[in-house]
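The values are calculated or read from the model by the stated rules, or taken from the named source; none is laboratory data. Given the structure is predicted, the values throughout are model-derived calculations rather than measurements. Note that we place each Cβ from the backbone using ideal geometry, even for glycine, and neighbour counts take in every protein chain shown. All accessible areas refer to the heavy atoms of the entire protein, side chains included, with ligands and DNA or RNA removed. Shrake-Rupley method; radii C 1.70, N 1.55, O 1.52, S 1.80 Å.
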Amino acid sequence: MTVWGGQPADTVGARVRDPATTGYVGLGLGVFAALIGIPPIEARHPIWSVLVGVVAALLGVWTATRGRVRLGIGAIVAGLVGIGLGVLATRSGTGNLETVFNSSLIAQMFAFSTPLVFGAIAGMFSERSGVVNIGLEGMMLMGAFWGVYGADVGGSWVVGLVVGAVAGGLLALLYAYFAINLRSDQIVGGTAVNFLALGITGYFFFQLYGGNYIPVGVSTIPNVKLPFISGLTFLGPAFGNLSLMIWAGFALVIVSYIVVFKTPIGLRIRACGEHPRAADTVGIDVYAIRYGCVVLSGLLAALGGVYLSDGFGGGAFNDNMTAGRGFIALAAMIFGNWRPFGAFGAALLFGLSSAIALRLQVYSASASTLFNVLPYVLTLIVVAGVIGRTVAPAADGKPYVRQ
């Protein structure tokens, strides 16, 4: 048998002919068709976007005719949309393109996506154990207020992180009691937690600060300056001066993957989310695992909220500051199929969309608003199964009764 690259040639050939592989290549080419007309490539003739987009669509047709219909349709749509966006880019002035698409866009994308990364990983831990945490929004809001309050009173952003995390963890503990011990409806309970957090933060914001802005001079989460790349043309603006919490978010994704999929405790967590009765039979304390994961979920979501107010927000807070980011984080988690790297990629997509929408105001406010809708449309497409079915843990949202 012929061997190529250490593997049998027929195995390699089968992998290349796999319609799923072709479909994903088509999706990638569709994205590339949209990007080919903007910096740093900046191909100014529309024919290049058209050619790449047509190839993506043809790969989608091939994939669809080989049995992967949803993936094939996704590649076709990506190719057509890529052609449209690529042609529009060539019709825009070079100056406007360089204003919107430059290396600092990457740093801005990370800034917008970091609260979503913490929220999505938080939701993943909770739901992997079998508890739907709709209350991420409220836990993130608690972290945002109490984090900046702790930094103000304690005089240090470290105190703010601790106070904010504890506040989110306590709210998560309350939710866990109702969801696990009292077996309340988790969707209704999570919604109630969100309203409770909105009331608590609004009340104390009025009592402690009169409903006005946080005083100037609060200790904020610092940036990490990398001197060895700060002076480089592209890497400097993109990575040379990012917030400490952005780097913590990168580390969180890696650590969470190792914990959930490579350690015994991760196996126990997944067992409780897939088949709690079997887990209980072999001696795993399902209640303890679920309590721990929900509280951890609250801590992580709150840290995302602290970054929102005391990092990205520069030491400021206002009522309902999270503005739905907890729900967006849940969407990112579903988009990523309850896996850390998938959720991270979805959060980056959401963050990139927000960053581009902010910059698109150079063209028009309506275009900026319209671009903000893109991540939600993509989420609906994914959840509907156009590209592939998202599969939640089997016992997710189902209360467990110990016998």
Legend entry - Filter result for Tyr287 (surrounded by fewer than 22 Cβ atoms within 10 Å (Cβ to Cβ) and of a type in the set (Ser, Thr, Tyr)): yes
Legend entry - Scan of the range 115-170 for residues that are open to solvent by 10 Å² or more (accessible area, probe 1.4 Å), assigned to a helix (DSSP H, G or I) and of a type in the set (Val, Ile, Thr), ordered by number: Val153, Val158, Val159, Val162, Val163, Val166
Inset, instruction - Kindly indicate whether Val253 is of a type in the set (A, V, I, L, M, F, W, C), open to solvent by less than 20 Å² (accessible area, probe 1.4 Å) and within 22 Å of the chain's Cα centre (by Cα). - result: yes
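Touching a helix residue (DSSP H, G or I) at 6+ places or on another chain (Cβ under 7 Å) and either within 22 Å of Asn337 (Cα to Cα) or at pLDDT below 95 (or both): is that true of Val282 in this structure?
The answer is no for Val282.
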Legend entry - Subset of the range 1-56 [modelled with pLDDT of 85 or more and of a type in the set (Ser, Thr, Tyr)]: Thr21, Thr22, Tyr24, Ser49
Inset, instruction - Looking only at the range 259-271, decide whether some residue is more than 30 Å from Asn320 (Cβ to Cβ) and modelled with pLDDT under 90. - result: no
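Rundown of residues vs (1) in contact (Cβ under 8 Å) with a residue 40 or more places away in the chain; (2) assigned to a helix (DSSP H, G or I); (3) open to solvent by 20 Å² or more (accessible area, probe 1.4 Å), yes/no style:
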{"site": "Gly190", "(1), (2), (3)": "yes, yes, no"}
{"site": "Gly202", "(1), (2), (3)": "yes, yes, yes"}
{"site": "Leu208", "(1), (2), (3)": "yes, yes, yes"}
{"site": "Thr220", "(1), (2), (3)": "yes, no, yes"}
{"site": "Gly236", "(1), (2), (3)": "yes, yes, no"}
{"site": "Ile246", "(1), (2), (3)": "yes, yes, no"}
Inset, instruction - Output the residues belonging to the range 268-291 that are assigned to a helix (DSSP H, G or I) and without any contact (Cβ under 8 Å) to a residue 24 or more places away in the chain. - result: Arg268, Ala271, Ala278, Ala279, Thr281, Ala288
Inset, instruction - Mind listing whichever residues of the range 252-278 are of a type in the set (Gly, Ala, Ser) and farther than 27 Å from Leu171 by Cα? - result: Ala278
Inset, instruction - Would you check if there is a residue in the range 231-240 being within 21 Å of the chain's Cα centre (by Cα) and under 21 Å from Ser103 (Cα atoms)? - result: yes
Legend entry - Complete set of residues in the range 284-341 that are over 24 Å from Gly397 (Cα atoms), among the small types (Gly, Ala, Ser) and touching a Leu at 6+ places or on another chain (Cβ under 9 Å): Gly305, Gly311
